[in-house]
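The values are calculated or read from the model by the stated rules, or taken from the named source; none is laboratory data. Everything quoted here is computed from the prediction, not taken from an experiment. Note that each Cβ is placed from the backbone with ideal geometry, even for glycine, and that neighbours are counted across all protein chains shown. Heads up: the accessible areas ignore ligands, DNA and RNA and are worked out on the full protein's heavy atoms, side chains in. Shrake-Rupley method; radii C 1.70, N 1.55, O 1.52, S 1.80 Å.
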Amino acid sequence: MRSNSPVAMDSHALGTLNYIRASIEAAGAFAVPGTAGVAMGLVGLAAAGLASLPRLAPHWLPIWLLASVLAAGLGIVLIARHRSGAGLPLYRGPARRFVLCLGPALLAGVVLTAVLYQAGESHLIPGTWLLLYGSAVLSATLLTAPNMMRLIGSMGALFVVLGIAAYALPPGWHNLVLGGGFGLLHLVFGLLIGRLDARTERAA
């Protein structure tokens, strides 16, 4: 009995330390609800559908700009509701750090959009949006919850790939690529994150 006691105590201590470490990591991480991704994806698909109509195709830029504002608004509302429901502060700790990680690349996207439009280089805007958004997501990945870090990192990397591809594609493909990124990728990964959240809740 006496010889087994240190082993049992060591195992118990190790389990306690692992639990404490997991709790600290979870407290310092930012959980992105799958509903936010799904909502943003649906807005992106709607924008791609509208911009593909012959009468509206020349107005693709204002359509996508309006869609970006709407999608961002929905994402913020759904994330805020998710954090409020979990009893978490809306803009403190990991939430604040997450926004600060996203901010620089997104701000660069706003500035470059205006610069490229004024320079008559609007055909470079889709690639710039996708590339910078993917970079913003990748930079914020390390602040997300451990169980969804790989999913969000993969989504960010795919946005970067789509952005690079958009620079090489003719303008006729740009609306399709935008829809594939801001629409399809958001929707698919939102569903995957939602399923992961449900599985985690069942396991708990």
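Identify all residues within the range 137-155 that are small (Gly, Ala, Ser) and buried (at least 21 other Cβ atoms within 10 Å of the Cβ); write none if there are none. Ala140 - this is the single residue of the range 137-155 that is small (Gly, Ala, Ser) and buried (at least 21 other Cβ atoms within 10 Å of the Cβ). Restricting attention to the range 170-197, the residues being open to solvent by 60 Å² or more (accessible area, probe 1.4 Å), free of Cβ contacts under 8 Å to residues at least 60 places away in the same chain and either in a helix (DSSP H, G or I) or within 23 Å of Ile79 (Cβ to Cβ) (or both) number 3.
Residues that are touching a strand residue (DSSP E or B) at 6+ places or on another chain (Cβ under 6 Å) and part of a helix (DSSP H, G or I) within the range 96-149 comprise Phe98, Leu143, listed in sequence order.
Yes/no matrix, rows are residues, columns are (1) at pLDDT 95 or above; (2) more than 27 Å from Pro170 (Cβ to Cβ); (3) polar (S, T, N, Q):
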| residue | (1), (2), (3) |
| --- | --- |
| Phe30 | no, yes, no |
| Pro33 | no, yes, no |
| Gly37 | no, yes, no |
| Gly49 | yes, no, no |
| His59 | yes, no, no |
| Leu65 | yes, no, no |
| Leu106 | no, no, no |
| Leu112 | yes, no, no |
| Pro126 | yes, no, no |
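For Gly75, the conditions (1) buried (at least 21 other Cβ atoms within 10 Å of the Cβ); (2) under 19 Å from Leu132 (Cα atoms); (3) modelled with pLDDT under 95 all hold with the exception of (1).
Quick one: would you say Gly153 is modelled with pLDDT under 95 and part of a helix (DSSP H, G or I)? Yes: the conditions hold for Gly153.
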